[in-house]
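To keep things clear, I will list the structure first and then write my remarks on it.
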Amino acid sequence: MHRSLSDTIDAARGAAELQSYFLQTVTQRLGVKALNKTQADADRVRAEAQTLVEAAMPSGDGKLVRAWAEYVTDAAQRSVLTLDALRKWSDMNIETQDNGAPPEHVLMYDFEIVMEGKDLPEPSNYVLLRILPDGGQDIKPWKRPYVIIDPRAGHGPGIGGFKKESQVGVALADGHPVYFVTFRQMPQPGQTLAHVTRAEAAFLRKIRERHPDSPNPIVVGNCQGGWATAILAATNPDLAGPIVLNGAPMSYWSGKLGQDPMRYSAGVNGGTFLAQMASDLGGGIFDGAYLVDNFEKLNPGRNYFRKYYDLYATVDDGVDRFLDFEKWWGAFYCMTGDEIRWIVENLFVGNKLGQNTAQLEPGRPVDLKAIRAPIICFASHGDNITPVGQALNWIVDTYADEHEIEVLGQRILYLVHEDVGHLGIFVSSKIAKREHTEMASTLKTIEALAPGLYEIVIEDVQGEGHEKHFALSFARRTLKDVAAHSGLRRDEPAFAAVARASEAITEAYDTMVSPVLQATVTEDMGKIARDTHPMRLQRRAFGTSNPLMANVPAAAENVRNLRKPVAKDNPFLLAEQLTVDMIETSLNMMTSWREAMQEVTFFSIWGAPMAINYGIPRNIHRTRKRPEDLVSLPGVQDALARTGEGGFAEGLLRILILLANTRADVRQDRLARSAEILSETPPFHEMPPELRTKKIQEQTLIVEYGGERAIETLPQILTTGEDRMRALDTAKYIAGDPTEMEAATRAMIERIEGLLGPVAVPNAAQ
């Protein structure tokens with residue numbers, strides 16, 4: 001459509017005002033954020049300084065001289081022990097890398113290999129493991145299996161089974177068979193994301209063969225394993241049971257102004273061609289060390305300084321903890337150039353998964369609306385890797401409204417934590433002990449929920465810390481509720497401009513540079529580039545093979561025999577801690593300034609009116625049905641045509657849904673009773689799960705779109721007094737104590753009782 005000059009001027013003025021809003025908001029929020037952080041650090045440092053002054057007050061009895069001597073001895077001993085810990089660190093990394101970082105290098109559980117992706121028609125480096133239970137755990141083959149898919153983001157697999165109190169541990173403790181989808185360090189030649197998805201689908205088929213009496217497996221995807229799980233479920237909707245997306249980025253443009261720095265990287269660094277260049281320089285292999293390096297740069301104060309000081313400060317009892325984490329963090333895994341290019345172009349920069357324009361391979365689109373398995377999303381406001389908007393906004397972008405979720409028979413639940421960090425979502429023992437344990441309980445009953453969109457609400461909290469206990473409820477939500485977590489999303493057109501510019505730059509790179517590098521760089525040259533990556537060199541530098549480390553083991557053993565830790569109130573130890581905190585505070589301030597400059601630069605370039613206009617062709621949204629048109633869909637019309645048909649099962653389900661609609665939420669105990677009835681009592685216990693799910697969906701549509709007729713036709717499907725009495729008694733049992741019911745729920749029960757009433761049993765003549 002052709003625009004007039006005045007329209008063009010108005011559009012440019014509006015875009016300029018929007019850029020001004022971006023820059024003003026970013027500057028204000030970053031300023032407040034930096035000020036608050038600096039104030040908190042300053043208060044801590046001030047308190048430490050005061051403690052130091054009090055401890056260092058001269059007493060005239062030589063106490064300060066003795067304190068200095070004790071501190072020097074302690075510092076020297078800690079230095080030797082830290083060198084020995086770094087020697088173990090390097091030896092561990094050298095051994096891990098030289099052995100190809102096998103699956104068992106992080107998993108703390110015994111396992112057996114069930115299936116190798118390399119043996120499939122389209123080979124991949126993925127492997128299916130069955131986790132072996134401890135001696136005292138009773139695993140029941142008929143229970144729904146758990147499948148954990150860990151992220152392939154530069155690190156190795158195994159973080160989901162890193163501790164006893166983990167996703168794996170929770171599932172094993174409850175008697176579920178547990179499988180782990182892992183991967184080897186190097187990809188198979190020619191491997192693509194399509195090959196990986198086919199391998200994961202083959203794994204699920206194998207699990208179904210091994211557990212024919214159990215429902216489809218629960219699939220848990222951590223971080224980037226989450227979008228892999230979503231793609232798997234969308235392209236193979238018949239294979240997965242409920243899927244759990246933990247801290248999984250699905251809408252990469254989302255985030256809030258003044259935070260979430262990772263999403264600005266492509267706009268500042270030039271887009272997707274850098275990943276392609278890294279692959280070409282690696283002989284067709286993309287080194288995962290680049291991704292880990294990017295993660296470390298997010299928090300240099302912690303990753304470049306503090307974690308090593310913490311090792312030095314706690315060297316008497318913290319070495320094993322340091323090595324356990326570094327075993328996972330420092331094992332760098334690789335991808336093919338095709339894999340990282342697909343990820344960057346379709347997810348990181350292109351954001352095509354949420355737009356419904358991603359294709360796993362030519363002619364094979366990935367539509368998240370095709371997922372039929374219930375979905376649970378876990379996100380956190382404390383996660384700076386996967387902001388809440390990135391974890392949830394795909395829901396807003398996929399469905400017309402919450403009613404379409406019901407029409408499709410889908411159940412989507414989300415839980416937003418207030419402060420847990422990214423790794424804490426699937427590593428923290430506290431999270432595993434509380435949220436993941438409750439999630440496991442929820443997954444047993446989720447299919448008894450009526451289709452719709454729900455927020456998992458934590459309530460009735462008792463206790464503190466590890467002893468905290470709580471109950472869950474499932475509150476009905478709208479798409480507006482989901483969108484409220486990420487704000488107005490007015491900045492996303494700027495990312496569309498980055499995506500389009502990235503395509504142009506990459507096309508030029510593919511034409512002029514890539515062919516030269518691919519013809520020049522051999523596989524051996526690529527291996528040399530990987531071996532000399534700074535992240536690897538750092539982790540090999542302190543190895544036993546280094547002549548400078550030859551005397552460290554003996555010196556460390558001698559120090560352990562003579563070890564004399566200094567008192568915690570030693571003034572020189574306090575001065576050391578104060579100095580370290582000041583250094584870390586300075587590094588944090590530098591990081592805040594860097595992030596501020598990066599974000600301001602991003603919006604100065606890509607938030608400009610010309611850039612916004614340039615990005616319009618990529619700022620697309622999937623075409624969705626109008627909410628008022630949903631009633632005309634064939635599935636809805638078919639359900640409405642059967643409003644007066646059915647029997648006891650249909651009648652009870654309709655009553656339960658009518659009662660559920662009178663409440664704003666569903667308590668976990670009610671859902672558990674509902675799941676008990678719908679799985680263990682006739683006629684439901686003999687139904688295939690698919691048929692039970694279909695009936696729940698049909699009755700949901702009748703209640704949603706049938707109006708008064710959904711209630712008035714109950715006597716037509718509950719025709720006998722026995723069925724009516726049984727349906728009412730069962731519904732009351734599930735609803736629970738009448739004194740805890742909302743007034744609307746009690747009123748609905750009374751109305752249904754009055755409608756059904758006592759019915760005489762028909763005689764034979766009738």
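Tabulated data for the structure shown
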| read-out | value |
| --- | --- |
| Neighbour-count order for Trp342, Trp68, Trp606, fewest beta carbons within 10 angstrom listed first | Trp68, Trp342, Trp606 |
| Given charges at Cβ of Lys, Arg, Asp, Glu: the chain dipole, positive-most of Ser124, Ala575, Thr197 | Ala575 |
| nm² value of the averaged projected area, convex hull over the Cα atoms of segment 633-756 | 7.3 nm² |
| 3J(HN,Hα) from dihedral phi, segment 146-157, Karplus parametrisation 6.51/-1.76/1.60, rounded to Hz, x for glycine, proline | 9, 10, 9, 10, 8, x, 10, 10, x, 7, x, x |
| FRET efficiency estimate (nearest 0.05) - Cβ-Cβ, Asp91 to Gln259, R0 41 angstrom | 0.55 |
| Extreme residue, positive dipole direction of the chain, given options Ile376, Leu23, Thr478 (C-beta unit charges) | Leu23 |
| Förster radius 51 Å - calculated FRET efficiency between Val114 and Met725, Cβ distance, rounded to 0.05 | 0.55 |
| Only Lys, Arg (+1) and Asp, Glu (-1) charged, at Cβ; the chain dipole about Cα centre in debye | 560 debye |
| Approximate spin-label separation Leu537-Trp593, in nm, with each point projected 7 Å along Cα-to-Cβ | 2.7 nm |
| Cα-projected label distance for Thr511 with Asp317, points at 7 Å along beta-carbon direction, nm | 6.5 nm |
| Relative compactness, the chain, computed as alpha-carbon Rg over 2.2 N^0.38 Å | 1.08 |
| Leu488-Arg746 FRET efficiency (beta carbon distance; Förster radius 45 Å; 0.05 resolution) | 0.65 |
| Estimated inter-spin distance, Asp98 and Arg624, nm [label 7 Å along Cα→Cβ] | 5.6 nm |
| Potential extension, Arg208-Ala575 segment - 0.36 nm per residue separation minus Cα distance | 126.1 nm |
| Using θ = phi - 60° and Karplus 6.51 cos²θ - 1.76 cosθ + 1.60, couplings along segment 338-352 (whole Hz; Gly, Pro as x) | 5, 5, 5, 5, 4, 4, 5, 6, 8, 10, 4, 9, x, 6, 7 |
| Contour excess over end-to-end distance, with Cα ends at Val631 and Trp142 and 0.36 nm allotted per residue | 172.1 nm |
| Residue order, fewest to most beta carbons within 10 Å, for His155, His533 | His533, His155 |
| Greater than 27 Å apart at Cα, pairs in Lys118/Lys369; Lys307/Lys527; Lys88/Lys118; Lys143/Lys352; Lys297/Lys327 | Lys118/Lys369; Lys307/Lys527; Lys88/Lys118; Lys143/Lys352 |
| Calculated from backbone phi, Karplus (6.51, -1.76, 1.60) coupling profile of segment 310-320 in Hz, x at Gly/Pro | 4, 4, 4, 6, 10, 5, 6, 9, x, 5, 4 |
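FYI, it's all coordinate maths here, none of it is from the lab. Since the model is a prediction, treat every value here as computed from it, not as a measurement. Glycine gets a Cβ as well: all are built from the backbone with ideal geometry, and neighbour counts include every protein chain shown.
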